[in-house]
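Have a look at the structure below before the remarks.
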Amino acid sequence: MSSRGNFSGRIGFILTAAGSAVGLGNIWKFPYLAGQNGGAVFLFIYLFCVFVLCYPVMVGEISIGRHAGLDAYGSYNKLGGKKWGYLGLFGIMIGIFILSFYNVVAGWAFGYFLHISFGDLLNETDFSSFFGLFVNDIFDLTSAKGLANSNFIFSMVFMAMTAFIVAKGIQKGIEAANKIMMPTLYIILICIIVYSLTLPNAMSGVRYYLIPDLEELKIQTLFEGLKQAFFSLSLGMGTLMTYGSYLKKSENITSSVATISLADTSVAFLAGLMVFPLIHFLQFKLQITEVAQAGPPLIFIVLPQIFHEMGPLLGRIVGGLFFLLVCFAALTSTISLLEVPVAYLVDQKKMDRKKVSWGTALLIFVIGLPVMASQGMIPALNNLPFYKGQDYLVFVADMCDIGLTVGGCLMCIFITTRWKIENMHSELENGNPNYRTSFLKKYLNFTIQYVCPVLLGILSILIIYDKFVGI
Ligand code: PFF
């Protein structure tokens, strides 16, 4: 195992896995999903999904990886034979597609960071049309600044940073980067929350976020909560399996997973606590309602408007820090996504890590070009007739979400019927000598074999039906 590299210890593993989990999902997606799905109601459903359904799946996924000591394909193949290996390949494909769109959004955040910190974005008056133009013309051919403003370049640089870190290997690259970025991210987050809570009308935002309105409870809220929990925890496609393969036998998986889930959930929760007071401050200032429901453009349209209202200097500082936070969160996730196919090629095809990291990154960047062009540049991709007129980015993101819950469901079936749950329990005893007699063992035994596969199976089918036909 050591020739593949491994984590230096518990802290390194936890920070890195939490880095994968904490990302755009927490800071970009969670607040707008909460805004659209009734605030507190969404928060509670999300917590239920994380602790009841996702915790066991994450423990299972990491145990498989550590037991096999290989990439996602190699792990399934080693423990379950060739047919199960396809499930590993399916996960790797999903990871490639997630990274293809994720990197585009990360590129936007990187562009906004530069534009706000060093440019004059906050002097805009109409942030909605700015965002429209920004994502539409990916080469920015109309602007005098030309390529310096190009979305294409922003995403390319972001992908290059990702490849650079992954190429350096587990301890010197991935772990080292996470050890710097994760603590910084928390510090920035806390600073912005403290500031946002002091703004006028902040408490109304906090109330909206924390007091559930049961009238908002719909079956779709459950679907959204589950998909978001899987996405946010990076579950179901082999990222954590791959990271698990670099974990030493002496580490306690069950307690590490509890810490990782808490870290991820706390960042999502805190991101809401940062964003809702800001939104309600804006509503108060401009005497408008309904911005809480802004959807995907929330952080790119509504927040810059808020930074604009703060005045030139403060806006630049708070806005710049905010987008730096988003970039850090995204980068710790993109490296985990790139690591999945890279580990596969290094383990299975015995290829050189450096070359493979750069080559795969380039390939995924190219796969992401249609996503970039789907925001207006190529009208056919902006309005998919078979997908209710939504754009290609939404389509890819939705398909990946479904892939994650299906992957999680099949993984539980794999543990139950092929690898056998007893083997998972033995793996979990490493680093946790009291595990065998604990209540947790009984809980995992029941949830992984019955609750998770059944609920995830039913929900995945309902989600697919809802997406294509509608409930
Ligand atoms: N968990 C990341 C986020 O919340 O942004 C996204 C992600 C990363 C999903 C890695 C899947 C993955 F394997």
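The values are calculated or read from the model by the stated rules, or taken from the named source; none is laboratory data. All values derive from a computational prediction rather than experimental measurement. We place every Cβ from the backbone using ideal geometry, glycine too, and count neighbours over all the protein chains shown.
The single condition among (1) surrounded by fewer than 19 Cβ atoms within 10 Å (Cβ to Cβ); (2) closer than 21 Å to Ala34 by Cβ that Glu309 does not meet is (2). Only a single criterion out of (1) outside any helix (DSSP H, G or I); (2) farther than 21 Å from Ile27 by Cβ; (3) within 16 Å of the ligand (Cβ to nearest atom) is not satisfied by Met237, namely (2). The condition (being away from the ligand (no atom under 16 Å from the Cβ), within 23 Å of the chain's Cα centre (by Cα), assigned to a helix (DSSP H, G or I) and more than 29 Å from Phe395 (Cβ to Cβ)) is satisfied by just one residue among Phe113, Phe164, Phe154: Phe164. Residues that are at pLDDT 90 or above, part of a loop (DSSP other than H, G, I, E, B) and surrounded by fewer than 19 Cβ atoms within 10 Å (Cβ to Cβ) within the range 194-234 comprise Thr198, Pro200, Asn201, listed in sequence order. Report whether or not Ile62 is within 24 Å of Ala330 (Cα to Cα) and either touching a helix residue (DSSP H, G or I) at 6+ places or on another chain (Cβ under 6 Å) or surrounded by fewer than 21 Cβ atoms within 10 Å (Cβ to Cβ) (or both). In short, yes. Do we have Tyr32 as assigned to a helix (DSSP H, G or I), within 19 Å of Leu278 (Cβ to Cβ), within 16 Å of the ligand (Cβ to nearest atom) and hydroxyl-bearing (Ser, Thr, Tyr) here? When the stated conditions are applied, Tyr32 passes them. Applying the condition of being aliphatic (A, V, I, L, M) and touching a Cys at 6+ places or on another chain (Cβ under 7 Å) to the range 444-471 and asking which residue is modelled with the lowest pLDDT yields Leu456.
Residue-by-condition table, conditions (1) at pLDDT below 95; (2) touching a Lys or Arg at 6+ places or on another chain (Cβ under 7 Å); (3) more than 16 Å from Tyr195 (Cα to Cα):
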position: Ile288; (1), (2), (3): yes, no, yes
position: Ala292; (1), (2), (3): yes, no, yes
position: Met310; (1), (2), (3): yes, no, no
position: Gly315; (1), (2), (3): yes, no, no
position: Val318; (1), (2), (3): yes, no, no
position: Gln348; (1), (2), (3): no, no, yes
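Considering each residue of the range 25-48 in turn, at least one proves to be farther than 14 Å from Met411 by Cα and of a type in the set (Lys, Arg). Just one of the numbered conditions (1) more than 27 Å from Val394 (Cβ to Cβ); (2) within 16 Å of the ligand (Cβ to nearest atom); (3) not hydrophobic (A, V, I, L, M, F, W, C) is not true of Ser336: (1). Any chance the range 386-403 includes a residue that's over 26 Å from the mean Cα position of the chain (by Cα) and in contact (Cβ under 8 Å) with a residue 40 or more places away in the chain? No - not one qualifying residue is present in the range 386-403. When the range 248-286 is filtered for residues that are modelled with pLDDT of 95 or more and away from the ligand (no atom under 16 Å from the Cβ), the ones remaining, listed by number, are Lys248, Lys249, Ser250, Glu251, Asn252, Ile253, Thr254, Ser255, Ser256, Ala258. Assess whether Gly470 counts as being surrounded by fewer than 17 Cβ atoms within 10 Å (Cβ to Cβ) and on the phi > 0 side of the Ramachandran plot. Yes.
Going through (1) closer than 30 Å to Gly60 by Cβ; (2) surrounded by fewer than 23 Cβ atoms within 10 Å (Cβ to Cβ); (3) not basic (Lys, Arg) one by one, Gln283 falls short only on (1). If you go through the range 67-89 and pick out every residue that is under 25 Å from the mean Cα position of the chain (by Cα) and either buried (at least 24 other Cβ atoms within 10 Å of the Cβ) or over 17 Å from Lys248 (Cβ atoms) (or both), you end up with 12.
Looking at the range 294-304, which of the residues that are at pLDDT below 90, under 19 Å from Phe113 (Cβ atoms) and not aliphatic (A, V, I, L, M) is nearest to the chain's Cα centre (by Cα)?
Pro296
Of all the residues in the range 324-370, those that are over 18 Å from Gly107 (Cβ atoms) and either over 21 Å from the mean Cα position of the chain (by Cα) or not polar (S, T, N, Q) (or both) number 19. So for the range 10-27 (the condition being away from the ligand (no atom under 12 Å from the Cβ) and among the polar types (S, T, N, Q)), does at least one residue qualify? The answer is no, given that none of the residues of the range 10-27 is away from the ligand (no atom under 12 Å from the Cβ) and among the polar types (S, T, N, Q). With respect to (1) at pLDDT 95 or above; (2) farther than 24 Å from Glu422 by Cβ, the lone exception for His115 is condition (1).
Scanning the range 371-385 for residues that are crowded, with 18+ Cβ neighbours inside 10 Å and not hydroxyl-bearing (Ser, Thr, Tyr), we see that the one that is farthest from the chain's Cα centre (by Cα) is Leu381.
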